[in-house]
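One structure below.
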Amino acid sequence: MAAERSMARSSAADVVVVGGGVAGLCAAIAAHDAGAQTVLLEASALLGGTASWSGGAIWIPMNHCMARAGRPDSRERALEYMQACAQGESPSELLNTYLDEGPGVMDFLEESTPLQFEVGTMPDYYDQYPGAVHAAGESRSIAPAIFDTNRLGAQRALLRRSPYGTIPFSFEEFSRFQAILHPERIDFELMTRRLQEGYVGWGEALSAGLLAAVLERHIDVRINSRVLGLLGGRAVDGVHVQADEGAYDLEARRGVILCTGGFEWDEALVAEQFGVHWTPSTVETNRGDGWRMAERVGARLANRGVCWGWPTYLIPGEERSAGLPLVRTTLVERGLPHSIIVDAHADRFVDESAPYHRILKVLLERDDQGFRHLPAWQIFDQQFRDKYAFGPVAPGQPAPPWMRRFDSLAALASGLGIPGEALARTVGQFNEAARQGRDARFGRGESAYARFFADPDNHPNPSLGTLATPPFYAVEVLPSTIGTCAGPEIDTRGRVQRPSGEVIPGLYAAGNVAAAISGPAYFGPGGTIGPAMVFGVLAGRAAANGGQDG
Ligand SMILES: Cc1cc2nc3c(=O)[nH]c(=O)nc-3n(C[C@H](O)[C@H](O)[C@H](O)COP(=O)(O)OP(=O)(O)OC[C@H]3O[C@@H](n4cnc5c(N)ncnc54)[C@H](O)[C@@H]3O)c2cc1C
């Protein structure tokens, strides 16, 4: 274990939390409330991490919002669903802990922070599995109510903001506007007023509420402070910090909690585990430090090669910050009628209306030649363009150059360098399926997830419509991640384990830095933030109590 104690500044805390994303903020709040003097170290200048860019959905079976709405969940069915999703690749004690502790953690956060939760609107992602919640209007996810950032006072500048823009509405309001399919139906007057007043929603509201709770507790938050080493012998008892003002060691009397996010910006780890070049959709300070520190102290590293991900596209020149492209997902567009996704053989290869995590997995499938389905393109026709937005391009607006436009399918095939005859065959088969309303090949438009995003006014299948009206359009589909979820294996209290199954005393992990409790699966809306929050709180309490339950 790295044990060099050095440098100018040295200090101590009971609990040191490394990383100020949603997992780290929750861990710091819980450690503080369990009586520990806590320091939160964040590599960037901002708090909130990737959650600030997120929808803010939190997947918590049996949550209090479901009960309040008169639609209580069942533990048995939730476990059945989680086990079916995880396919035996997730330790059942972690799933059970998640079920048992999740609702209580959310109650704790609602009671002890300014956050308020509302019931979500989306179904579980895999309604073919037993125990899924997917009836219209039912959801295991909750989401933050809108949040008034004035509550942060001058420290509002610490809040990481979304490069996608602020949505000052709750999920419920957003659904009421039917804004997923009809962004033009948003109440723009209300939106402008709320923005002027300082309200945020979705992931920004989640980060802001947690940040407010951290600030109200006067927790020692140190930004621009990157942790690059763990200190100690058999037990971890401190960290080595690379701060703007210089490097120093910080003692952690009771424990260190790694909450450094995934390693998606570490090219070497990504090459080793995914073999892909991608632009991650996450904060660029997720550079694999957590993985490497855990590895150096002998942690058992699990869930290799697994990440949360989605299909995306880039608009040339569009940046989220200097030099870094803004990654846009085709969350809605890919499952709408009059569009398909094809590979270099001009063949469809996936149910385009499936959950994004599933599509990413298929996009990353390999054979002897490399990635089987890359490059891939989403192809759509003028019917699509007349009815639906594609990203920022509303129906009726002229196609920008990045949305490549062709007068015929043959010209499109030749322009993309894919076989024209095969494309004609693929489109012919798809059009037949669209007319019948049934995609026998992939079952597109049949799941609750697909129907949530598809066009209810399109018949007979809300996701199927012909590609028949020129011109035709093509946008390249690129794999991207919203966070890797391979890392040190944790136990039911967030304690990091050795290959022998013993815990490493003093070391905890939560969020995307740890091996996901769901193994390869993404349970539903909020399937990453939910576990990050629950195990963040559990780890915070356990660390404050020297490794025991809080
Ligand atoms: C557009 C988008 C929408 C999403 N929507 C949802 C959603 O609705 N629901 C859901 O469940 N998930 C969603 N996700 C994914 C979700 O946001 C992430 O999985 C989650 O926020 C990860 O939280 P985390 O705390 O583990 O890591 P992060 O939020 O990535 O935070 C890690 C933090 O650690 C810091 N850090 C890294 N290394 C160090 C170091 N060495 N020292 C100190 N600090 C360090 C980083 O700077 C960062 O602030 C979405 C993601 C995106 C991009």
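The values are calculated or read from the model by the stated rules, or taken from the named source; none is laboratory data. Model, not experiment: these values are computed from the prediction. No Cβ is skipped: glycine too gets one built from the backbone with ideal geometry, and neighbour counts run over all protein chains shown.
Points to keep in mind about this one:
- G56 farther than 26 Å from E295 by Cα and within 24 Å of the chain's Cα centre (by Cα): yes
- Residue check, L360 under 30 Å from F523 (Cβ atoms) and either part of a loop (DSSP other than H, G, I, E, B) or assigned by TED's automatic domain parsing to the domain that holds A516 (or both): no
- Only one of the numbered conditions (1) under 30 Å from R161 (Cα atoms); (2) touching a Phe, Trp or Tyr at 6+ places or on another chain (Cβ under 6 Å) is violated by H338, and that is (1).
- Condition check for D386: in a helix (DSSP H, G or I) and among the acidic types (D, E): yes
Per-residue answers, yes or no, for (1) within 25 Å of Y508 (Cα to Cα); (2) crowded, with 23+ Cβ neighbours inside 10 Å:
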{"residue": "G24", "(1), (2)": "yes, yes"}
{"residue": "Q37", "(1), (2)": "yes, no"}
{"residue": "S54", "(1), (2)": "yes, yes"}
{"residue": "R68", "(1), (2)": "no, no"}
{"residue": "D73", "(1), (2)": "no, no"}
{"residue": "E76", "(1), (2)": "no, no"}
{"residue": "A84", "(1), (2)": "no, no"}
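- Exclusive hit being closer than 23 Å to E172 by Cβ, within 13 Å of the ligand (Cβ to nearest atom) and out of contact with any Lys or Arg (no Cβ under 8 Å at 6 or more places or on another chain), set V22, V105: V22
- Taken over segment 518-539, the residue count meeting the criterion of being farther than 20 Å from V15 by Cα and away from the ligand (no atom under 12 Å from the Cβ) is 3.
- Residue in segment 94-106 that is free of Cβ contacts under 8 Å to residues at least 12 places away in the same chain and either touching a strand residue (DSSP E or B) at 6+ places or on another chain (Cβ under 6 Å) or surrounded by fewer than 19 Cβ atoms within 10 Å (Cβ to Cβ) (or both) present: yes
- Residue count for segment 285-305, restricted to those that are more than 9 Å from the ligand (Cβ to nearest atom), surrounded by 24 or more Cβ atoms within 10 Å (Cβ to Cβ) and in a loop (DSSP other than H, G, I, E, B): 1
- Restricted to segment 482-496, and to residues there that are assigned to a strand (DSSP E or B) and among the β-branched types (V, I, T), the residue that is nearest to the ligand (Cβ to nearest atom) is I482.
Results for (1) near the ligand (Cβ under 8 Å from one of its atoms); (2) in a strand (DSSP E or B); (3) touching a His at 6+ places or on another chain (Cβ under 9 Å), shown as yes or no for each residue.
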{"position": "Y248", "(1), (2), (3)": "no, yes, yes"}
{"position": "R254", "(1), (2), (3)": "no, yes, no"}
{"position": "W265", "(1), (2), (3)": "no, no, no"}
{"position": "V283", "(1), (2), (3)": "yes, no, no"}
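- Test for V427: is it over 32 Å from the mean Cα position of the chain (by Cα) and touching a residue at least 40 places away in the same chain (Cβ under 8 Å): yes
- Of Q178, Q128, Q155, all but one fail to be within 19 Å of S353 (Cβ to Cβ) and in contact with a helix residue (DSSP H, G or I) (Cβ under 6 Å, 6 or more places away or on another chain); the exception is Q178.
- One residue stands out in segment 220-239 among those that are buried (at least 20 other Cβ atoms within 10 Å of the Cβ) and more than 10 Å from the ligand (Cβ to nearest atom): the one that is nearest to I504 (Cα to Cα), namely V236.
- Residue, farthest from the ligand (Cβ to nearest atom), within segment 37-65, restricted to residues that are of a type outside the set (S, T, N, Q) and under 17 Å from V239 (Cα atoms): V39
- Flag for V256 being closer than 14 Å to T285 by Cα and under 27 Å from the mean Cα position of the chain (by Cα): no
- Selection of segment 409-430 for residues being of a type outside the set (G, A, S) and surrounded by fewer than 17 Cβ atoms within 10 Å (Cβ to Cβ) yields P419, E421, R425, Q429.
- Options E4, E89, E101: the member that is at pLDDT below 95 and either of a type in the set (A, V, I, L, M, F, W, C) or in the same structural domain as S139 (by TED's automatic domain parsing) (or both): E89
- Selection count, segment 174-193, where residues are under 30 Å from L314 (Cβ atoms), more than 16 Å from the ligand (Cβ to nearest atom), without any contact (Cβ under 8 Å) to a residue 60 or more places away in the chain and in a helix (DSSP H, G or I): 4
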